[in-house]
1. Considering only the range 157-205, state which residues are of a type in the set (A, V, I, L, M), closer than 17 Å to A144 by Cα and surrounded by 16 or more Cβ atoms within 10 Å (Cβ to Cβ).
2. Just the residues that are surrounded by 17 or more Cβ atoms within 10 Å (Cβ to Cβ) and assigned to a helix (DSSP H, G or I), please, taken from the range 51-94.
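The values are calculated or read from the model by the stated rules, or taken from the named source; none is laboratory data. Remember, it's a predicted structure, so these values are computed and weren't measured experimentally. No Cβ is skipped: glycine too gets one built from the backbone with ideal geometry, and neighbour counts run over all protein chains shown.
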Amino acid sequence: MDLNSRLFDSIRIKPSCDEPKTAEPACETPGCTHPGLYRAPKGRKAEGQYWRFCMDHVRAYNAAYNYFDGMNDAAVQAYQKDAIIGHRPTWAMGANGAAEGTKRKGEPPRDWAYVDPLGILRAEGVGETARRAKEPQRPRHSGAVRKALDVLGLDEAADAAAIKAQYKVLVKRFHPDANGGDRSFEERLRDIIRAHDTLRAAGLC
């Protein structure tokens, strides 16, 4: 017998009728003998879990289904309010949400919570900016103002009193009357006066 014959390629085997069939789940309604081909959610606090019903019973279940069953009006309002932001925790700008909690003032206690299996919302580093010690903000000046302050020998943190005091000192030092009529410092004096005018125009003195 030639086992490589083309006749073997055309042989088809009829599947056996004795092969076990996959059992269909039964309807979970007490007393029902129909197969439970349709899933229905078990409801709040059982997310991801389902009942198995036949067509008639799943229709009846859906018609009477109420996710908010057992919640008072205040809890339902809180749930609907948080649904706007996807039930994610929020807190005021600059507040440490991890330390103060995610419950806002005046809200009733909730019997539900957001799902965060990976701990992303509670990960270290969230709100780091709020927890970081506040550094004193330095004023931001234009280039002309910074140059004028430099001419007067002042830094950017100088206030109006410091600017006026330094201006008086420099004018007395470089004025020709204070140098016996010597006019060699006139250009320096003009720079000081222009710098003072720039700072006054910027509202710093």
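1. Of the residues in the range 157-205, the ones of a type in the set (A, V, I, L, M) are 157-158, 160-163, 165, 169-171, 178, 189, 192-193, 195, 199, 201-202, 204.
Still in the running and closer than 17 Å to A144 by Cα: 157-158, 160, 163, 192-193, 195, 199, 201-202, 204.
Scanning the range 157-205 gives A158, I163, I192, A195, L199, L204.
2. H57, V58, A75, A78, Y79, D82
Per-residue answers, yes or no, for (1) modelled with pLDDT under 80; (2) under 20 Å from the mean Cα position of the chain (by Cα); (3) not assigned by TED's automatic domain parsing to the domain that holds L189:
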site	(1), (2), (3)
V76	no, no, yes
G94	yes, yes, yes
G97	yes, yes, yes
E100	yes, yes, yes
G106	yes, no, yes
D150	no, no, no
V171	no, no, no
